[in-house]
1. If you consider only alpha-carbon coordinates, what radius of gyration and Dmax does region 162-306 have, in Å?
2. Considering only DSSP beta bridges where both residues belong to the chain, give the percentage that are antiparallel (nearest 5).
3. Just to be sure I understand the rule: take each whole DSSP H helix in the chain, project its Cα atoms onto its long axis, keep it if the span is 30 Å or more and its mean Kyte-Doolittle hydropathy is at least -0.5. Which ones pass?
4. Kirkwood Rh over Cα pairs of region 2-158 into Stokes-Einstein at 4 °C, 1.567 mPa s: D in µm²/s?
5. Using the Karplus curve 6.51 cos²θ - 1.76 cosθ + 1.60 with θ = phi - 60°, what ³J(HN,Hα) values do you get for each residue of region 40-53, in whole Hz, with x for Gly and Pro?
6. Using all alpha carbons of region 11-76, what is the percent of pairwise distances in each 10 Å bin, ordered from the shortest bin to the longest?
7. Using only the alpha carbons of the chain, what is the convex hull's orientation-averaged projected area in square nanometres?
8. Can you run phi through the Karplus equation (6.51, -1.76, 1.60; θ = phi - 60°) for region 13-19 and list ³J(HN,Hα) in whole Hz, with x for Gly and Pro?
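Nothing in this text is a laboratory measurement; each read-out follows from the coordinates by a stated rule. All of these numbers come straight from a predicted model, not from anything done at the bench.
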Amino acid sequence: MTLLAFGINHTTAPLALRERVAFAPENLHSAMQEACAHAGLAEVAILSTCNRTEIYANSENDAATIQAWLVSHTAIEADDLAKSYYCYQDQEAVRHMMKVAGGLDSLVLGEPQILGQMKSAFASAKEAGTLGAELHATFQQVFNIAKRVRTETAIGENPVSVAYAAVSLAQQIFSNLKQDTALLIGAGETIELVARHLAEQGIKHIIVANRTLDRAQRLANEFSGEAILLADIPEQLHRADIVISSTASQLPLLGKGAVESALKKRKHKPMFMLDIAVPRDIEEQVGELDDVYLYTVDDLHAVIDENKKSRVAAADQAEEIINEGVEQFLRHQRALNAVETVKAYRQKAEQMRDAELQKALRTLQSGANPEQVLQQLARNLTNKLIHSPTAVLKEASAGSRHHVLQVAQELFDLSLTTDLPLTPKESVNPVAGSSNDASEPQ
């Protein structure tokens, strides 16, 4: 069984490609179950965010199987996926998962949201019944290392998230936000962070639009804002100077016509729009309008690059922690290789014990001396337990397999007063070891 980490992200695929591979939250369970049933995956979890879609799996098949399933299950073309995907195996898959969870592979270096998103992917796989023992243990190790990265390095200090970058970009268009109204579409964690950053910058008014009014109201109340339904956006859009959208909708929520109508009511006063959803919430054609500054999540690079410089040292420290985490994972995996052998040895020893115990009980029932019976039980059990190892050690010694004897000494915790003979490779060259080496000048 091979551990695989297969995916595309912001560095390998443009937004137009990423949105065709994104999984809606409500479809994740069925997608993972289908992947197990039709792609031959023993275990699977799917992480789908605005910057990446990744499939973590245990499988006897290779990346080609996942690739074929993804093409059949999504809107992506085989050639496009072939040019954009990456796939890591075993320890490199674990390393990649740790880097993702620790924020080292994010668009925003060290951004904190990805760990929560990864934990959600883990929980979804668990609920869907596609998370087995091996993938479960892998995720736990990944989460432990991500926690160490957060607590032992400065990578999480003054975090710059996508939400922070979004507000920074808005400030480049509107230098003073205190006279502006922001329409936030969605009510998830990203939009909540956007609202918080806007409030810190003194935004005049916040409108939260969401599919359910209750959730929008809870968020709006926190910032003395206003809540509306998604269906109300066309009527309220003209009030917004800033529009930032992040929903899980599979279809655009804002089209060119609705924005054109809003601009007429605004008398063509400029409007900043940032779509950080994948798939996109705002039609691409909206960007063609003269008075609209439309940006996507991929346009945040310039804002984010400024932050990376201050985190390089912290990232190096995080890499060291991840290296330690990968080594711990490998040690754990190697230890698992001994489990079956230990179980078989214990079972064999218990069978010997039970057989000798029954023999001793029968002897006691016949009226034999209990002390003699116990002594015979101890002798017989000892002889049977050491018989096979003794025979193997004698055979190894006769065949000059001294490494077997050395392993036995370590295995049975033996301290011998005499050294084992050296193997031929270990023998000392008497000429080279002599102080009267013939090659030396006399």
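1. 13.6, 38
2. Expressed as a percentage, antiparallel bridges in the chain total about 45.
3. Helices meeting the criterion: 312-336, 370-398.
4. Reported coefficient: 83 µm²/s.
5. After applying 6.51 cos²θ - 1.76 cosθ + 1.60, I find x, 9, 6, 9, 7, 9, 10, 10, 10, 10, 5, 10, 7, 10 Hz.
6. Binned Cα distances yield the sequence 21, 58, 21, 0.
7. Working: hull surface 151.0 nm².
So the Cα hull casts an average projection of 37.8 nm².
8. 9, x, 4, 4, 8, 4, 5
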